[in-house]
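The block underneath contains the structure these notes are about, expressed in C-alpha cells.
Read-outs throughout are calculated quantities, based only on the coordinates presented, and are distinct from any laboratory measurement. Everything quoted here is computed from the prediction, not taken from an experiment. Heads up, the Cβs are rebuilt from the backbone with ideal geometry, glycines too, and the neighbour counts pull from every protein chain shown.
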Amino acid sequence: MFHRIRRRAAEPSEEQRRFFELSAQLEGQVPPEVERVRAELDRAEPATVVDYFLPPELRVPSHDQLDGRMTSWKQPIVLDGEMVACAECGAYRDWLVLSTRDQIWLRCRAGHQQQETRLDTAWYNRHTGPADATHATFEDCLRHLGH
C-alpha cells in the first residue's frame, strides 16, 4: 500500500505537467512593457552631473586629516571606581582630553600631561560633540579652550 503512494508521489501530477508546458512556452518571451521601458531609457538624455559637495572653504577636515582632537572636561573622571588625578600636581578636575593616534591623553590646568590607557578613541567619540573649530597649532587650540 505505501509503495503505491510513494510511486504516485514520485510522478508529476497533471497540474504540474501543465505548468511545466506553459513555462516552456513562455521561456524567452519578453513582456511588451519591458521593451517600451528600454526604448524610453535609450531615448532619455543623460542626467546632468551636480556637485553636491560643499565648497572647499566650508568643508570640515576628516579625522584622518587632523593630527588630533581635544575637548575640555570640567568634572572629575572616574574609571574603575577610582578618580583620575594628575600624577604631578594631584588635580582631579578641569581636564583637557586629547585624542591622537588612537591614544587618549589628559592634560591638567597646570599643563601636565599623562596618557590614560583605560580610555580609547571610542570613549572619546561617545563623550564629545562635533568640533566647533579647527586650529593650525596645538597652542591655538589651548587658547581656544581657555588653557
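Would you be so kind as to identify which of Phe20, Gly81, Gln103 lies farthest towards the positive end of the dipole of the chain, taking Lys and Arg as +1 and Asp and Glu as -1 on Cβ and the Cα centre as origin?
Result: Phe20, furthest along the dipole toward the positive end.
Name the shape class, rounded, prolate or oblate, that the alpha-carbon gyration tensor gives for the chain, where a ≥ b ≥ c are the square roots of its eigenvalues, rounded holds for a/c under 1.5, and otherwise prolate holds if a/b is larger than b/c and oblate otherwise. All intermediate terms of the calculation are to be shown ahead of the outcome.
Details: a/c = 7.28, a/b = 2.16, b/c = 3.36.
Oblate is the answer for the chain, as a/c is 1.5 or above yet b/c matches or exceeds a/b.
Just want the ordering: Trp95, Trp105, from fewest to most Cβ atoms lying within 10 Å of their own Cβ.
Trp105, Trp95
Report ³J(HN,Hα) in whole Hz for each residue of region 131-145, in order, from the Karplus equation J = 6.51 cos²θ - 1.76 cosθ + 1.60 where θ = phi - 60°; Gly and Pro get x.
5, 9, 6, 10, 10, 6, 10, 5, 5, 4, 5, 4, 4, 4, 8
As a test of the formula, what do you get for the chain when each DSSP H run with n ≥ 4 contributes -39,500 (n - 2.57) and the sum is divided by the residue count, at 222 nm and rounded to the nearest 500 deg cm²/dmol? Intermediate values should be presented prior to the final figure.
Details: 5 runs with 48 residues, N = 147.
Calculated mean residue ellipticity at 222 nm is -9500 deg cm²/dmol.
Please tell me the relative contact order of the chain in percent, rounded to the nearest whole number, where contacts are Cα pairs under 8 Å and at least six residues apart.
13 percent
Got a sec to turn the phi values of region 58-73 into Karplus ³J(HN,Hα) couplings, 6.51 cos²θ - 1.76 cosθ + 1.60 with θ = phi - 60°, whole Hz, x for Gly and Pro?
These are the phi-based 3J(HN,Hα) values: 9, 7, 9, x, 7, 4, 7, 8, 9, 6, x, 9, 8, 8, 8, 9 Hz.
Where does the charge balance sit around Met83 when Lys and Arg score +1, Asp and Glu -1, over other residues with C-beta under 15 Å from its C-beta?
-1
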